[in-house]
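Everything below concerns the one structure shown next.
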Amino acid sequence: MQKIILFYKFAPVADPESVRLWQKSLCENLNLHGRIIVSKHGINGTLGGDVNDLKKYAHKMKSYSAFAKTTFKWSDGSREDFPRLSVKARDEIVSFGAPDELVVSKNGVMGGGKHLKPAALHNLIEEKGDDVVFFDGRNAHEAAIGKFKNAVVPDTRTTHDFISELESGKYDDIKDKPIVTYCTGGIRCEVLSSLMKNRGFSEVYQIDGGIVKYGEAYGDDGLWEGSLRVFDDRMTIDFSDHAKVIGACSHCAGPTNNYENCAEVSCNDLVLICLSCKQNPDLLFHTNQCRDKAKVIR
């Protein structure tokens, strides 16, 4: 039996390269595929493999003092959902472009938002009502197929875009409101909530465990609507058999949550396209420029 685990841990890492080599060797010995990033701020990973091997990995992680309290989220999937194993050392485990602004201790990010379990989130909304603002901590294309109801979705193509968005003045009117940041598994909001507080947002929260944990608790019967974009061969997941479809096909505007890679090989963008339009290969391009480029190459 195979599964996928998602995890991260913010903690000071004195020698990221040594940890990278240890992680690479550990995962290779356990025949795990996926992605791991190590930095001076901690570790971030998603791995697929046999359940027993994943359990061995988690046990080894907890033997390393900096990562001893790492929380692992389990999800349906397998080793084959990842083409290979990638283990890298970088300046940040989430690339906001502010490695020197983030401060971590053995207890995690310092100065970040208050963590809310899914039930506590509902309590906050009961207490403060419509004043609560959901703030999407993902890229805009992820929110196109699933988000919290009435959420603010920043105009971001990559995580690097968030700082300029926060400093643009677009969100000055909500700086004194209770803001709940959310992202897939919680890691991006660890950093985003800290960046927001540093820029004058006064009351910032984050959903503990991110959308994944909220979906496990409430499925599609709570405040979430749509599908969740994930970064492996599954592309998207739903929390129930009655998930709402909020995405719109880029060609016919029909409902869809189906993403396909742009047919132009040099394009890294995705095409949101319904299964009917997908049957026409000429529609599998992100832009007209991509289509024209492919014609020239052919």
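The values are calculated or read from the model by the stated rules, or taken from the named source; none is laboratory data. Keep in mind that what you see is a predicted model, and the values were worked out from it rather than measured. In this analysis, Cβ positions are derived from the backbone assuming ideal geometry, glycine residues included, and neighbour counts consider all displayed protein chains. Heads up: the accessible areas ignore ligands, DNA and RNA and are worked out on the full protein's heavy atoms, side chains in. Shrake-Rupley method; radii C 1.70, N 1.55, O 1.52, S 1.80 Å.
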field: Condition broken by residue 69, with the remaining ones in (1) under 18 Å from residue 186 (Cβ atoms); (2) at pLDDT below 95; (3) buried (at least 16 other Cβ atoms within 10 Å of the Cβ) satisfied
entry: (3)
task: Could you grab the pairs with beta carbons closer than 6 Å, sequence gap of 6+ or different chains, first residue in segment 190-208 and without any contact (Cβ under 8 Å) to a residue 60 or more places away in the chain and hydrophobic (A, V, I, L, M, F, W, C), second one open to solvent by 40 Å² or more (accessible area, probe 1.4 Å) and not in a helix (DSSP H, G or I)?
output: 201/175
task: With the condition kept exactly as written, say whether any residue in segment 106-117 is farther than 25 Å from residue 172 by Cβ, touching a Gly at 6+ places or on another chain (Cβ under 7 Å) and small (Gly, Ala, Ser).
output: no
task: Answer with yes or no whether residue 115 is within 26 Å of residue 219 (Cβ to Cβ) and either modelled with pLDDT under 95 or of a type outside the set (Val, Ile, Thr) (or both).
output: yes
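Take segment 226-257 and flag every residue that is at negative phi, of a type outside the set (Ser, Thr, Tyr) and open to solvent by less than 30 Å² (accessible area, probe 1.4 Å).
Across segment 226-257, the qualifying residues are 228, 229, 230, 232, 243, 247, 249, 254.
So how many residues does segment 229-260 have that are of a type in the set (Ser, Thr, Tyr) and either in a strand (DSSP E or B) or more than 21 Å from residue 277 (Cα to Cα) (or both)? Quick ask: steps written out before the conclusion?
Of all residues in segment 229-260, those of a type in the set (Ser, Thr, Tyr) come to 236, 240, 250, 256, 259.
This time we only want the ones that are either in a strand (DSSP E or B) or more than 21 Å from residue 277 (Cα to Cα) (or both), so: 236, 240, 259.
Residues flagged as of a type in the set (Ser, Thr, Tyr) and either in a strand (DSSP E or B) or more than 21 Å from residue 277 (Cα to Cα) (or both) within segment 229-260 amount to 3.
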message: I'm checking my understanding of the structure. Among residues of segment 81-93 that are closer than 26 Å to residue 68 by Cα and of a type in the set (Asp, Glu), which one is surrounded by the fewest Cβ atoms within 10 Å (Cβ to Cβ)?
response: 91
- prompt: Would segment 118-125 turn up any residue that is within 29 Å of residue 51 (Cβ to Cβ) and under 18 Å from the mean Cα position of the chain (by Cα)?
  reply: yes
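Look through 165, 126 and report the one residue that is open to solvent by 20 Å² or more (accessible area, probe 1.4 Å), without any contact (Cβ under 8 Å) to a residue 40 or more places away in the chain and not in a loop (DSSP other than H, G, I, E, B).
Numbers: 165 fails: open to solvent by 20 Å² or more (accessible area, probe 1.4 Å).
That would be 126, the only listed residue that is open to solvent by 20 Å² or more (accessible area, probe 1.4 Å), without any contact (Cβ under 8 Å) to a residue 40 or more places away in the chain and not in a loop (DSSP other than H, G, I, E, B).
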query: Within segment 94-115, can you find the residues that are open to solvent by 10 Å² or more (accessible area, probe 1.4 Å) and either of a type in the set (A, V, I, L, M, F, W, C) or part of a helix (DSSP H, G or I) (or both)?
result: 94, 98, 102, 103, 104, 109, 110
Options 149, 170; residue that is touching a Leu at 6+ places or on another chain (Cβ under 9 Å) and either of a type outside the set (Asp, Glu) or over 30 Å from residue 250 (Cβ atoms) (or both): 149
- request: Give segment 133-155 a look and list any residue that's open to solvent by 10 Å² or more (accessible area, probe 1.4 Å), over 17 Å from residue 214 (Cα atoms) and not in a helix (DSSP H, G or I), or say none.
  value: 139, 144, 152, 153, 155
